[in-house]
There are 2 protein chains.
Amino acid sequence: MSLRSVDTDFITALSAHLPQDTLRPVEPRYLEEPRARIEGIGGILALPKTTQEVATILKACHAAHVPVVPYGGGTGLVGGQVMPRGGAEPLILSLERMARIRKVDAASAVMVAEAGAILADVQAAAEAAERLFPLSLAAQGSARIGGNLATNAGGLNVLRYGNARDLCLGLEAVLPDGTLWNGLSELRKDNTGYDLKNLLIGAEGTLGVITAASLKLFPRPAAYETAFLVVPDPEAAVALLSLARGQFGEQISAFELMQQQSWNFLAHAFPEMRQPFAEAPAWCVLIELGLSQQGAPGEAIEALFVNALEAGLVQDGAVATSEQQRQQFWGLRESVPLANRKIGAISSHDISVPIARIGAFVAEARAALAKVSDLRINCFGHLGDGNLHFNLFPAEGKKRSDYKDMQDDLKRIVHDLVAAHNGAFSAEHGVGRLKTSDLLRYGDPGKLAMMRAVKAALDPHGIMNPGVIFAEG
Amino acid sequence: MSLRSVDTDFITALSAHLPQDTLRPVEPRYLEEPRARIEGIGGILALPKTTQEVATILKACHAAHVPVVPYGGGTGLVGGQVMPRGGAEPLILSLERMARIRKVDAASAVMVAEAGAILADVQAAAEAAERLFPLSLAAQGSARIGGNLATNAGGLNVLRYGNARDLCLGLEAVLPDGTLWNGLSELRKDNTGYDLKNLLIGAEGTLGVITAASLKLFPRPAAYETAFLVVPDPEAAVALLSLARGQFGEQISAFELMQQQSWNFLAHAFPEMRQPFAEAPAWCVLIELGLSQQGAPGEAIEALFVNALEAGLVQDGAVATSEQQRQQFWGLRESVPLANRKIGAISSHDISVPIARIGAFVAEARAALAKVSDLRINCFGHLGDGNLHFNLFPAEGKKRSDYKDMQDDLKRIVHDLVAAHNGAFSAEHGVGRLKTSDLLRYGDPGKLAMMRAVKAALDPHGIMNPGVIFAEG
């Protein structure tokens, strides 16, 4: 695939078809990503205000074989939003000026938002209509819904409400050659042809650019009950989830695992944050019930606690007694990634395994890593979905750079074990540019063949986010 | 695309690579479909017992450009399972000998079933493990799970649990060139590349053959409460659903609309069935709550009834007072399509509109049809999903054939109105061979372009179910 860098001729020709301030020099912030693993390049920044302008831009890039990097909030963790030096200089296409909530229909429980809408604003618009848009993640103050959909974001409420793809009823998108697809359906059922919505969702900008989405809204639970519950080990946490499900059905909104190391890192990074336990527990879960009927405050979770205590599944607990305390509990959970960043990970793994295998995986991974290194592990995350963030850190007194030579081996140990347990090397972050070799190593050959065929069919010149998902560009 | 009929040379060559009884003459039952709109042709019947045999068969058909009609339970309502005279004679590929439940894992709430497993057997296997597989439809005694997935079947519990695609975690499939894709994931979260699962689901056998699926299981509700509630009109039914949602959240398992005509047809076709109302109500809903906690029998639905009565949304009701009566209520609802078949529809429409538009759509469609004809309408179905079966019947004393010349116009009137309300001309039955012209008329051009590109990429010789979805073959 021979791609061409953005050059003056291209910019001059394209700008003739766009409003004056649409094309701009690339500011440095578009070339950074949160974990600072990749430094990006960009020949020009495009800030379209309409879907038609996006179409004009893609059509020109397609004709000129100019690569395009679609840009949402820039919060992705696998480098899908930055193109490293070495190839043709891309046009960076940011949707930030297409951030309108086009409509909120509380009665039909549907919202239509443009791709550049910030996730927190989408949540707030739903809230204003007394509905819930349940996608919730640490970066929600800057992540944009188009990026959330392009990467099929997960987050805290997947257990109950599903991933980003499950929250989307339809898309408006521009295909790589500039063709507009108006698929902004608001229907719950539509069997009129291939499911293109789910093909674009999770394609990480390699098959087209999402410009707007119709999103599912939900009734807001009548009451929340939230608690940290101390469990003896991850197996007990899985059993506790099963017990809770028997008691509350779909009303469990979140079920998050935290490890002792999470509390230690929080204490180090945010000493001002109050922790609920005098001594950091080896393992605990943060459970949240979103109840459809309001009972006495804390009643439901206390009933669960009693049953779980009897079954030997919990040892201690802290129930949030006010909305303020609930927010504080969530603040602790959501600050774990920030604390990790302050410590500085050797290697970060966003993995999933079948939920029944979580206990075995954690034990085996710890043992295998202990054999080769003195590193520290922070294992936490969305246990209810079988999704753990299994991140490796330097031993106390050591630096990331001390582990530089082992990085690949450590990753290999974790991901091979994940594969042995029929898991995924990326549960919610995607493949991006950082995990393309994992996809080659662990991906089913039939799947890879099918993916390449689809990519070649929809983006024959390979202009869309080259290097993302497919290592070969 | 020039396809070749199955001939003796092809059969001889292929049979050398398959166990002896795999290829057989085509029995007449494989050439029929429930509504008798299409009479099929078939050159040979293949009954593979393994995924590898399916791969061998597709590889040979791909090489020889022989068309393939994948065959599940034969219950589809849009002719996707039969190829009409006129083109090359296909190989009919029935999955009926691949009907094994490979595994049921109650703890992880996952089952793996082969494509030929009958839906009722899949439900029973879940039940035996004290779990629920919620896909439920009238044809479940003969429909097979592979066909349910290929057509993204809907049915009675979509409101709560989603369509077939929402119940599937992963697929094993054979691609048109014989490549095997092992995608039998049991993960709730997996962001490692394109969503091929959802591309094959709903593709109606045009992109490959599903050979097995991993399926989501759910906790069985602790108690069901079921009732027919009489409503003044469809708008009130929509408002009643909203009220019920506020009261019971996700615990509403089904919410079905029935019209006076449904009761009249039932009385005519099944006079022995006991009806719950002395006089058939103009409109009523069948609501079922699947409660996560057992209360006093009927308590929840009676509480809803009291609130709804106060709000003027219901006028009368009949609550099932035993499991036997619950089954009887469902028997009535599920017999409506059979009653319709005995009357003989002029035209059947499986449509969806945004749920807030249901009242307007029904009123406008009745008015528009009354202007041109004296026909009878039976409008019933999955109101909670915005999905109605809006079927047209001869006036009393007239025959289907009396309306032969108007059939296309009548369909056009209904589907144009559906499109005007941003609806879909096929909500759950698919496109098949009977609705290809609707897809061309109502499909977004960008969507059609994308679909054709994907089809050409994955099935370059066009052997898979030609004439289905794409009219052009």
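FYI, it's all coordinate maths here, none of it is from the lab. The structure presented is a predicted model; accordingly, all values stated were derived computationally and were not measured. Here Cβ is always computed from backbone atoms with ideal geometry, including for glycine, and neighbour counts include all displayed protein chains.
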Under Stokes-Einstein, chain B at 37 °C and 0.692 mPa s, with its Kirkwood radius over C-alpha pairs, diffuses with a coefficient in µm²/s of 141
In the protein assembly as shown, how does Rg compare with the Kirkwood Rh, expressed as the Rg/Rh ratio over alpha carbon atoms?
0.96
Skipping prolines and chain starts, which residues have an amide H placed within reach, meaning under 5 Å, of the one on A:Leu171, given they are 5 or more residues away or on another chain?
A:Gly183, A:Leu184, A:Ser185, A:Ser214
So, over other residues within a Cβ distance under 12 Å of A:Val82, counting Lys, Arg +1 and Asp, Glu -1, the net charge is +2
Computed over region B:42-124, the relative contact order (Cα-Cα under 8 Å, seq sep at least six) in percent reads 32
B:Ala449 versus B:Thr50: modelled label distance in nm, points set 7 Å from Cα along the beta carbon direction
4.5
Looking at this model, which pairs from A:Lys49/A:Lys435; B:Lys371/B:Lys411; A:Lys216/B:Lys103 are more than 24 angstrom apart at the alpha-carbon?
A:Lys49/A:Lys435; A:Lys216/B:Lys103
Gap separating the Cα centres of region B:273-319 and region A:68-99, nearest whole Å
54
For region B:106-169, what class follows from the C-alpha gyration tensor (a ≥ b ≥ c being the square roots of its eigenvalues): rounded when a/c is under 1.5, otherwise prolate if a/b is larger than b/c, else oblate?
rounded
Under 14 Å from the Cβ of B:Gln293, count the other residues' Cβ atoms, weight Lys and Arg +1, Asp and Glu -1, and hand me the total.
-3
For Cα pairs less than 8 Å apart in space and 6+ apart in sequence, what is the mean separation divided by the residue count of chain B, i.e. the relative contact order in percent?
16
About the Cα centre, charge dipole magnitude for the protein assembly as shown (Lys/Arg +1, Asp/Glu -1 at Cβ), debye
1400
Semi-axis lengths (Å, descending) of the ellipsoid that matches the C-alpha gyration tensor of region A:14-118
26, 19, 11
Extension gain (nm, one decimal) between B:Ser5 and B:Arg274, 0.36 nm per residue minus Cα-Cα:
91.7 nm
Taking Lys and Arg as +1 and Asp and Glu as -1, residues besides A:Asp21 with C-beta under 11 Å from its C-beta add up to +3
In nm, to one decimal, how far is the A:Asp316 label point from the B:His65 one, both placed 7 Å along Cα→Cβ?
7.5
Inter-copy distances for B:His65, nm, shortest first, label points 7 Å along Cα→Cβ, are 3.2
Restricting the calculation to Cα positions, tell me the Rg (one decimal) and the Dmax (whole number) of region A:257-337 in Å.
13.6, 40
For chain B, return all DSSP H helices satisfying: extent of Cα atoms along own axis at least 15 Å; mean Kyte-Doolittle hydropathy at least 1.0.
B:358-372
Classify region B:356-403 as rounded, prolate or oblate, taking a ≥ b ≥ c as the square roots of the eigenvalues of its Cα gyration tensor: rounded when a/c is under 1.5, otherwise prolate if a/b is larger than b/c and oblate if not.
oblate
Give me A:Arg100, A:Arg144 ranked fewest to most by other Cβ atoms within 10 Å of their Cβ, as a rough exposure proxy.
A:Arg100, A:Arg144
Within a 10 angstrom radius of the beta carbon, how do A:Thr51, A:Thr8 rank from fewest other beta carbons to most?
A:Thr8, A:Thr51
Considering the alpha-carbon set of region B:120-276 alone, what are its Rg and its Dmax in angstrom?
18.8, 55
Would you please give the residues with an amide H less than 5 Å from that of B:Leu217, counting only those at least 5 places away or on a separate chain, with H modeled from the backbone geometry?
B:Val110, B:Met111
State whether region B:311-391 is rounded, prolate or oblate according to the following rule on the C-alpha gyration tensor (a ≥ b ≥ c being the square roots of its eigenvalues): a/c under 1.5 gives rounded; otherwise a/b larger than b/c gives prolate, and the remaining case gives oblate.
oblate
Enter the Cα centre distance for the pair region B:103-158 and region B:430-465, rounded to the nearest angstrom.
28
